Structures are given as structure tokens and as C-alpha cells.
Protein chains: 2
Amino acid sequence: MNQVSCGTSRIVGVRFAVYPMSDQFADIIKSALKQVDTSKVWMQTDDITTCVRGRSEHVFDVAEAVFVQAAKNGTHTVFNGTFSIGCPGDSEGDTYMSEDGVRLNKEASSQTEVEASTHFALYPMNNPDYMQVIADQVETAKEHSTFTKGVHYASRLDGSANDVFGTLEEIFVDTAQSSSHGHVTMTATVSANSPSQKDNKRND
Amino acid sequence: MNQVSCGTSRIVGVRFAVYPMSDQFADIIKSALKQVDTSKVWMQTDDITTCVRGRSEHVFDVAEAVFVQAAKNGTHTVFNGTFSIGCPGDSEGDTYMSEDGVRLNKEASSQTEVEASTHFALYPMNNPDYMQVIADQVETAKEHSTFTKGVHYASRLDGSANDVFGTLEEIFVDTAQSSSHGHVTMTATVSANSPSQKDNKRND
């Protein structure tokens, strides 16, 4: 962020954390990480967040897997992250761009049933048409049947974690591809097992 | 987000959640909310996040207060939110813009000692000079002596919750004022009482 110029690499990254609302939060996170294969991504964790970088399919694969493995036992768990492409500021992790496209965690994630509710927001940077880009991607979400409604500053998705992360990935990758050298970011708050009543009534 | 055109109001909003990593998370959040005066902001909560809107000083006052009240008893607690100005998409909450500037929670928040570590990212939309705007605001953070370093996709602040939220507010308000009709968003992940070792060694 303290870089004035953008890089040219199309490496994708996500800076995220997973929050299990439990006294055992540290054990739940450690156990989830043990069950996720992160060998195709660059990964670094500090005391606030974790950063994962590489090919888009592996970044989304790992993000979904960490969330699903942390949430699968029923604890109220939230994934909060910002996906980014187009402004890495350096080349760290670029070697991971040569990995093949086979997702290492998809099978395990798909076999784990976790219902997810999401608020996401898309930020195509330096783009005068960004509001139209966002509106187009809401249409994409509607095609996935995960779109519930717009809320202030965000859009809501509901469905299985698999469908929700699939929708987020398509929206992000579509937007990134349509702005070939552009900088695009997307925030997502993905929640499972909340004791609060779901506000998932559609407006339309 | 499913709006194609931006509004003209300069109302500020934040969509956020507070995550106490505890079996008692619901009680901690409810108790924190009881200790925060939210009468000068529009506020709506669903099962994923809470949205607060109004004058910038009250939005930051309430955000800081909820975090501080939730974290003050030592539970590992994280505030995660996106601040926004310039694209509300509607006029809901506009009546709160006529409130005076006296902060209702500042005294209580200042008297509560909570150390906070933060990753934040600034997104000035539709602005070809956005990377320079970001770089300028990092300089502002350095003047506050809360700035620790840049990380991938974000910048790190460390200090008291009071200093950290004060820095975030100045950065956000400065950026909003310098782009008089612009749409600006800022993400912040603010963590307290983490059992992980702080990665707060400065690079410079």
C-alpha cells in the first residue's frame, strides 16, 4: 500500500482471517489449517490476518477450505477477507503462478456441508464505469441463484459455502479479466452457524 | 451496490462486525452495545454485519466504542469493517446529518485502555491518482506514530484503540474531503488481545 506504482503481475491474493466465536478458537483454526493443502500458494500469517497469493483458483480454493474446515463443527464462524489483483507492489510469490490448475481442496470442501451467508463488495479501481461493472456482476450473482439482495455498501449472497465461494470467484475473475491490467479488489464477509435469524428475504 | 448511479449526500457509513473469540460472544456483543450511545447515528443490524450511518465523527465514535467495550475484558476481539462515503445509493439516514458534532462515547472510550493492531486499506474510487492518495495518507499515519509498516494489500497500525481509530478517521476524512464528490471506501481489521506474537517490527 505504500507503493506509488502498480505491478504488472496478474497474481491474485487475499488477505483474510477466520473468526471462530469459541473459547477454543486457536485450536479450531490450527486444526482447520492442518486439513487444508496450501502447497500451491504463497502464504504468510501474522497476528492480525493471513495473506495467500497465487493463481486465482488456488487462492479461492484455499480461502474456501479454511473457512469450511473451521466452520464444519457448528461453531459460529466468520471469514473476512479482501481479494486483490493488479497491484501486488512486488513479485513475492510469483513462482506460484506456474502451478497447474488442479484444486487441492475442492473435493474435501465440496463434501463438507456448511451453509454460508455473505456480504460482499467489489471495487474496480481507477475505472469511470465501475458502478456499471458492479451492477453487471450482481447479474452474475443472480444467475448463480445465490444473490439475495443489495444492502448498504454491499450485496448479500446465501447458499452452501461451495456455491457462495463459487459465486465470489466468478465475480472476481470476470471483473479482473474484463479490465486486463486493472486493479480490482473485493471484500467478503462470510458467516456460518450464526445464532441470529437470517435476514435472507429477497427484495425482488 | 445494485445501484448504477451514486448519490450526492456526504453521509458516512460503516458496515462492520465485532468478533469476540469466546463461547460468550453473544453476551459480550450485547453488553458492549448497551454501553454505547448510538442516538446520533442510523443503525441496522442483520445476522452478518451492522451498518451505522451519519456524520463521520459519530460513525467513528460508535465504531471505536463498540470495539473498545467488547474488547475491554481481555477477550481476543476483532473489529472488521468497511467505511464508505459518496455512494449511499439512497437517502436513508440523512436526517442524522443534522446532529451536532459532540461525540457521545469519546470520554468512555478514552478511559478504557485497549491496545489495538490494525490492517487497513484505502480505496479512492474512480481516481487515476489513487495510488498517490494512498501514499499521502500513509504519511499522515506516520505523523500519528501509529504506522508500523506496509504489508501486502494493506498498511499496519499499532497503538491504543483511541490512537488507531483516530488515525483511521483522519485518513478517511482527509481523503473524502480532498475528493469533494468522490466515492471513497476504507477497510479496517482491528485486533485486540491476540495470543499471537505481534508482528509490529517496523521496516524503516
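Numerical summary
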read-out	value
Unmet requirement for B:G166, which otherwise passes all of (1) small (G, A, S); (2) modelled with pLDDT under 95; (3) open to solvent by less than 70 Å² (accessible area, probe 1.4 Å)	(2)
Selection count, the stretch B:127-160, where residues are among the aliphatic types (A, V, I, L, M), over 18 Å from the mean Cα position of the chain (by Cα) and at the interface with chain A (Cβ under 9 Å from one of its Cβ atoms)	3
Test: residue in the stretch A:144-160 that is free of Cβ contacts under 8 Å to residues at least 12 places away in the same chain, crowded, with 16+ Cβ neighbours inside 10 Å and under 26 Å from B:A26 (Cα atoms)	yes
Residue among A:G166, A:G182 that is closer than 24 Å to B:I85 by Cβ, more than 8 Å from chain B (Cβ to nearest Cβ) and of a type outside the set (S, T, Y)	A:G182
Hits in the stretch B:4-18 (condition: over 16 Å from A:S155 (Cα atoms), touching a Pro at 6+ places or on another chain (Cβ under 7 Å) and at pLDDT 65 or above)	B:S9, B:I11
Of all residues making up the stretch B:70-88, the number that are within 9 Å of chain A (Cβ to nearest Cβ), under 22 Å from B:S22 (Cα atoms) and surrounded by 24 or more Cβ atoms within 10 Å (Cβ to Cβ)	2
Hits in the stretch A:18-27 (condition: buried (at least 22 other Cβ atoms within 10 Å of the Cβ) and of a type in the set (A, V, I, L, M))	A:V18, A:M21
Residue tally, condition touching a residue at least 60 places away in the same chain (Cβ under 8 Å), surrounded by fewer than 16 Cβ atoms within 10 Å (Cβ to Cβ) and touching a strand residue (DSSP E or B) at 6+ places or on another chain (Cβ under 8 Å), over the stretch B:169-204	2
Candidate set from the stretch A:89-108 (those that are over 14 Å from A:V59 (Cα atoms) and within 18 Å of the chain's Cα centre (by Cα)); member that is most open to solvent (accessible area, probe 1.4 Å)	A:E107
Any hit, the stretch A:104-118, residues being at the interface with chain B (Cβ under 8 Å from one of its Cβ atoms) and more than 30 Å from B:C87 (Cβ to Cβ)	no
Selection within the stretch B:42-59 - touching a helix residue (DSSP H, G or I) at 6+ places or on another chain (Cβ under 6 Å) and crowded, with 24+ Cβ neighbours inside 10 Å	B:V52, B:G54
Meets criteria (at pLDDT 95 or above, surrounded by 18 or more Cβ atoms within 10 Å (Cβ to Cβ) and within 26 Å of A:M43 (Cβ to Cβ)) for B:A116	yes
Enumeration of residues in the stretch A:33-64 that are of a type in the set (K, R) and either under 12 Å from the mean Cα position of the chain (by Cα) or in a strand (DSSP E or B) (or both)	A:R53
Failed item, numbered, when B:P124 is tested on (1) under 21 Å from B:L168 (Cα atoms); (2) in contact with a helix residue (DSSP H, G or I) (Cβ under 7 Å, 6 or more places away or on another chain); (3) open to solvent by 10 Å² or more (accessible area, probe 1.4 Å)	(3)
Complete set of residues in the stretch A:63-91 that are more than 23 Å from A:P124 (Cα to Cα) and of a type outside the set (S, T, N, Q)	A:A65, A:V66, A:F67, A:V68, A:A70, A:A71, A:K72, A:G74, A:H76, A:V78
Residue within the stretch B:53-69 that is farther than 19 Å from B:D27 by Cα and either at the interface with another protein chain (Cβ under 9 Å from one of its Cβ atoms) or out of contact with any Lys or Arg (no Cβ under 9 Å at 6 or more places or on another chain) (or both) present	yes
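For every residue, the table says whether it meets (1) aromatic (F, W, Y); (2) in contact with a Ser or Thr (Cβ under 6 Å, 6 or more places away or on another chain).
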site	(1), (2)
A:Y96	yes, no
A:A121	no, yes
A:Q132	no, no
A:S145	no, no
A:V173	no, yes
A:G182	no, no
A:M186	no, no
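The values are calculated or read from the model by the stated rules, or taken from the named source; none is laboratory data. Small disclaimer: the values here were computed from a predicted structure and weren't measured. Note that each Cβ is placed from the backbone with ideal geometry, even for glycine, and that neighbours are counted across all protein chains shown. What goes into the accessible areas is simple: the full protein's heavy atoms, side chains included, and nothing from ligands, DNA or RNA. Shrake-Rupley method; radii C 1.70, N 1.55, O 1.52, S 1.80 Å.
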